[in-house]
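For reference, the structure is listed below as structure tokens.
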Amino acid sequence: MTSPHESTPATQATSLLDIFRIFLRLGVTSFGGPVAHLAYFRTEFVERLQWLSEHAYGDLVGLCQFLPGPASSQVGIALGFLKRGLPGAIASWAGFTLPSAIALVLFGLLLGSVGSVDASWLHGLKVVTVAIVAQAIWAMGKSLCPDKERASIAVAATLALAWVPGAVMQIGVIVVGAVLGWLWLKPAVELPHSPFPLRMSKLAGVATLLLFAALLALLPIVASKDSSHSVKLFDA
């Protein structure tokens, strides 16, 4: 556990412009979907820039995979938040997620204006994506599952999800994996503690958690009773 007076990579000063520039480069060059994005993030922020340790990054990915929503965008926002608080989170989101959103809207408008087109090139992109995602999984697997215990849990989780896909099985795999890790790994693997300095007060943290829970629980109810397209889109 590091001393609060030590200078760690996570606490070194990084400007908002630097955060935006780094994530913009990743946002316009990363390809392959959320799993590949997470591998790109690991290469950039764990290996090259050393913003956080391997285990801290693994914990962050696990948290964002557990939460509803796109994991790679959430990890990017959290990394920006780690460096410069809320302004850093906004800068990382604007650099990584916003360009893709703008490109997607423009692409949809273009297809709508030209009508039906040959989509064979989209199939080619999907084939390329498979290779990129496979490479990303292999790279992350070597660091996050370095022993037979964790590798066994990962393989069993993959087989279970392939056998019975769906939200219920996903939640079940998370719960069973957590129990197995708690019972099986505690005597065999000593995981290091990786401090994650948060730039937020406890009051602000509780307030945002309550807001998140309220939106998660109430938005589906409001959307089911409101015919407004905007409300349904926001709920989705």
* To do: Output yes when any residue across segment 108-119 is assigned to a helix (DSSP H, G or I), within 21 Å of residue 16 (Cα to Cα) and hydrophobic (A, V, I, L, M, F, W, C), and no when none is.
  => no
* With respect to residue 78, is the statement that it is in contact with a Leu (Cβ under 8 Å, 6 or more places away or on another chain), open to solvent by less than 50 Å² (accessible area, probe 1.4 Å) and either at pLDDT 85 or above or part of a loop (DSSP other than H, G, I, E, B) (or both) true? -> yes
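For every residue, the table says whether it meets (1) at pLDDT 85 or above; (2) touching a Pro at 6+ places or on another chain (Cβ under 8 Å); (3) under 18 Å from residue 21 (Cα atoms); (4) not β-branched (Val, Ile, Thr).
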site: 44; (1), (2), (3), (4): yes, no, yes, yes
site: 61; (1), (2), (3), (4): yes, no, no, no
site: 68; (1), (2), (3), (4): no, no, no, yes
site: 72; (1), (2), (3), (4): yes, yes, yes, yes
* Structure fact -> Given the conditions (1) over 29 Å from residue 196 (Cα atoms); (2) open to solvent by 70 Å² or more (accessible area, probe 1.4 Å), every one holds for residue 63 apart from (1)
* To do: Determine whether residue 69 is on the phi > 0 side of the Ramachandran plot, out of contact with any strand residue (DSSP E or B) (no Cβ under 9 Å at 6 or more places or on another chain) and either surrounded by fewer than 16 Cβ atoms within 10 Å (Cβ to Cβ) or part of a helix (DSSP H, G or I) (or both).
  => yes
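The values are calculated or read from the model by the stated rules, or taken from the named source; none is laboratory data. Being a predicted model, the structure only gives us computed values, none of them experimental. Glycine gets a Cβ as well: all are built from the backbone with ideal geometry, and neighbour counts include every protein chain shown. With ligands, DNA and RNA removed, areas are computed over all heavy atoms of the protein, side chains included. Shrake-Rupley method; radii C 1.70, N 1.55, O 1.52, S 1.80 Å.
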